[in-house]
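The numbers here are math on the coordinates, done by the rules we state, and not lab data. As the structure is a computational prediction, the values presented were derived from the model and not from experiment. Cβ atoms come from the backbone with ideal geometry, glycine included; neighbour counts cover every protein chain shown.
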Amino acid sequence: MLLHHRLLPRLLLLPSTHTHTSTSTLLRPSRLPRRLSLSPRFSALSHLAAPETVDQSDNEGAPHEDVQVKLPLDRLFVPPGATVDAGNQEAVSARVLKGSNIVLGPYARGDAQVVNADFVKSSVRPDDCPRDGLPEFALVGRSNVGKSSLLNSIVRRKRLALTSKKPGKTQCINHFIVNDSWYLVDLPGYGYASAPQEARTNWDEFTRNYFLSRETLVSVFLLIDASIPAKKIDLGYASWLGQNKVPMTLVFTKCDKRKKKKNGRRRPEENVETFQSMIREYFEAAPPWIMTSSVTNQGRDEILLHMSQLRNYWLKH
Ligand code: GDP
């Protein structure tokens with residue numbers, strides 16, 4: 001069944017002038033209208049289909065200089081509070097963050113960069129998490145996906161995320177405060193091959209409870225390894241988030257690993273595309289996604305801008 005995602009742009013409320021307006025898509029469930037009828041929305045989307053594309057071929061710099069992603073407008077993520085003029089391709093193109101489908105809107109501010117970051121606490125239950133009401137972003141992904149590396153890359157510290165790798169902290173919700181004003185939250189990795197089934201189930205329940213109950217959670221950042229084909233467990237996680245209307249950003253990691261086609265390997269952008277096509281049915285419109293590498297720092301500034309615009313919108317609404 002096609003489901004509405006609460007982070008997604010309300011494309012179907014567009015006026016006939018083709019000026020796309022996104023509204024209060026970051027609201028918590030209690031502030032959202034109850035389930036909307038979806039079918040008229042989808043029919044009205046059809047006029048935005050394939051011919052109108054956004055060219056991302058200007059991605060520059062090795063190793064992702066040959067990334068060429070053509071995105072139809074209905075596959076872009078238009079953040080809440082932003083508008084997109086479908087009649088002006090170039091203007092839209094210029095506002096899409098590099099290596100992503102994310103349009104930069106008016107809520108992205110100069111506060112995007114990390115000035116300071118510190119570990120705050122490990123919590124074993126959502127109820128134990130900080131209660132100061134600051135907005136937060138949760139990083140989650142399969143073990144070995146590159147979560148600690150990305151966290152360290154975002155905050156420009158070599159070992160901050162090691163805190164959450166200490167024995168006894170792996171099943172905790174770890175809060176890091178950034179710029180004294182918002183949290184990055186490191187959640188337990190999932191899919192440890194060696195973990196007993198019972199422990200895996202507990203971790204699932206633990207993180208799912210957090211997703212469903214945490215009022216200050218602005219968006220989950222679900223990390224997916226783009227250097228390998230989609231894994232069932234990742235697809236399951238993404239579809240669960242979509243079905244439960246938990247705001248989600250897909251963060252594709254290890255995009256610097258560009259294996260040769262002759263070995264039968266697929267390039268990161270091919271894995272990115274396949275992953276999205278496999279989860280599309282669970283979302284009314286495209287969730288935001290972004291390609292990253294902790295080796296080259298690809299995507300780091302873009303993630304921070306994306307977080308900035310989500311956060312600032314959330315704070316105002
Ligand atoms: P975690 O278990 O999800 O926290 O993953 P880590 O951050 O510990 O990384 C797991 C492995 O992947 C390590 O060997 C990292 O060096 C490697 N890795 C992480 N990020 C990247 C990346 O962006 N590119 C490449 N090539 N390797 C990475």
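So which trypsin sites (Lys or Arg not before Pro) in region 280-317 pass both tests, a DSSP loop state and at most 10 other Cβ atoms within 10 Å of the Cβ? When the trypsin sites (Lys or Arg not before Pro) of region 280-317 are filtered for loop state and at most 10 Cβ neighbours within 10 Å, nothing remains. Karplus-based coupling profile of region 306-317, in residue order and whole Hz: 4, 4, 4, 6, 5, 5, 5, 5, 4, 5, 8, 10, with θ = phi - 60° in 6.51 cos²θ - 1.76 cosθ + 1.60 and x standing for Gly or Pro. In this simple spin-label approximation, W240 and S213 carry label points 7 Å from Cα along the Cα→Cβ vector, and these lie 1.6 nm apart.
With a cut-off of 14 Å between beta carbons, the residues surrounding N209 carry a summed charge of -2, where Lys and Arg count +1 and Asp and Glu -1.
Extension gain, V114 to D85, is 7.3 nm, computed as 0.36 nm per intervening residue step minus the present C-alpha separation.
For F221, the residues 5 or more places off, or on other chains, whose built amide H falls under 5 Å of its own are A138, L139, V140, T249.
Applying 0.36 nm per residue to the separation of S93 and K316 and subtracting their alpha-carbon distance, the gain on full extension is 77.6 nm.
Which value in nm describes the separation of the simple spin-label points at I233 and T274, placed 7 Å from the Cα toward the beta carbon? With each label point 7 Å from Cα toward Cβ, the separation is 1.8 nm.
Using 0.36 nm per residue and subtracting the Cα-Cα separation, the extra length available between S181 and R131 on full extension is 16.7 nm. Around the amide H of Q298, modelled in the peptide plane, lie the amide H atoms of S293, all under 5 Å away and 5 or more residues distant in sequence or on another chain.
Just to confirm a number: summing +1 for Lys and Arg and -1 for Asp and Glu over residues other than W240 whose beta-carbon lies under 13 angstrom from that of W240, what do you get?
For residues surrounding W240, the net value is 0.
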